[in-house]
Amino acid sequence: MRPLTIGLPLAASGLIAGVDEAGRGPLAGPVVAAAVILDPHKRIRGVRDSKLIEPEERTELAIRIRRSALAWSIAWADVEEIDAHNILEATYRAMRRALIGLRIHPAHVQIDGNRCPSFIGLPLRCTFEAIIDGDALRKCIGAASILAKVARDDMMVALDALYPQYGFAAHKGYCTPQHYEALDAYGPSPIHRRSFEPVRLSWRDHESSCPLTVDS
């Protein structure tokens with residue numbers, strides 16, 4: 001899967017990339033990761049944990065980040081990968097793709113969380129650091145969280161047009177009463193994560209409710 005990228009074709013040392021994800025918890029849709037190298041000479045006001053920002057401001061900040069950053073990259077892992085490998089490994093795959101997509105190689109990578117994924121085999125020569133609450137503590141991680149969140153929300157709005165009965169544009173695939181009601185009514189869609197228990201149970205219930213037909 002080819003990541004969305006922009007940047008300068010420069011070999012730069014001393015630069016820090018922030019990495020974060022969006023969409024580990026939802027019952028449907030991809031998990032998205034972003035990597036961002038901010039320009040140390042350009043300050044972007046308002047960058048922080050994307051979960052603390054209203055959607056309109058988040059969208060505006062994403063535009064400013066993409067314009068001002070030295071490099072940025074967005075990548076994702078789809079539902080098939082999530083179900084095949086589990087959500088944690090799929091998240092790490094998206095993070096690795098986002099890092100590879102950067103056209104500037106950072107000297108150091110800061111990742112939101114309490115552990116770093118394995119980057120063995122990646123064409124990167126840099127150090128890695130996991131930071132708990134990094135999206136609130138480091139601007140580069142906060143910027144990555146904003147890009148990942150906005151990109152994933154846009155994907156879910158687009159998927160809502162394909163599966164309007166589920167209300168993805170409103171809840172983005174997260175566990176809401178509206179989403180559970182749609183699962184009960186329609187069963188899982190092709191973009192639901194069948195490795196997640198609520199989806200698995202819904203799929204089982206709808207499979208068992210289908211009448212068995214026998215050709216005469």
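Taking amide H positions as modeled 1.01 Å from N, with prolines and chain starts lacking one, the residues under 5 Å from residue 130 and 5 or more places away or on another chain are 111.
Using the alpha-carbon positions of region 26-102, Rg (one decimal) and Dmax (whole number) come out as 14.1, 43 Å. Using the Cβ-Cβ distance between residue 129 and residue 45 with R0 = 41 Å, the FRET efficiency computed as 1/(1 + (r/R0)^6) comes to roughly 0.95. Compared with the direct C-alpha span, the chain from residue 60 to residue 84 gains 5.1 nm at full extension, assuming 0.36 nm per residue.
Dividing the mean sequence gap of close Cα pairs (under 8 Å, 6+ apart) by how many residues region 53-141 holds gives a relative contact order of 23 percent. Computed about the Cα centre, the dipole magnitude for the chain is approximately 1180 debye when only Lys and Arg (+1) and Asp and Glu (-1) carry charge, each at its Cβ. Convex hull volume of the Cα atoms of the chain, normalised per residue: 137 Å³.
Ranking 145, 118, 202, 50 by Cβ neighbours within 10 Å, fewest first, what do you get? List each step's numbers first, then the result.
On the way: 145 31, 118 11, 202 22, 50 26.
Fewest-to-most Cβ neighbours within 10 Å comes out as 118, 202, 50, 145.
With the convex hull constructed from alpha-carbon coordinates only, region 53-92 shows a mean projected area of 3.9 nm² over all directions.
Express in nm, to one decimal, how much length is gained between residue 186 and residue 174 on full extension, taking 0.36 nm for each residue of separation and deducting their alpha carbon distance.
Here the answer is 2.7 nm.
Within region 69-148, none of the chymotrypsin sites (Phe, Trp or Tyr not before Pro) combine a DSSP coil assignment with at most 12 other C-beta atoms in a 10 angstrom radius.
Lysine pairs in the chain with Cα distance under 19 Å, only those 8 or more apart or on different chains: how many are there? Counting lysine pairs in the chain gives 6. Any idea what the relative contact order of the chain is, in percent, if you count C-alpha pairs under 8 Å spaced at least 6 apart? That works out to 28 percent. Evaluated over the Cα positions of region 165-205, the convex hull gives a direction-averaged projected area, one quarter of its surface, of 2.6 nm².
Computed over region 78-197, the convex hull of the alpha-carbon atoms projects to a mean area of 8.6 nm².
Read the figures in this text as sums done on the coordinates, not as results from a lab. Computed from a prediction, not measured in an experiment: that's the story for all the values here. When we count neighbours, we look across all protein chains shown, and the Cβ atoms used for this are built from the backbone with ideal geometry, even at glycine.
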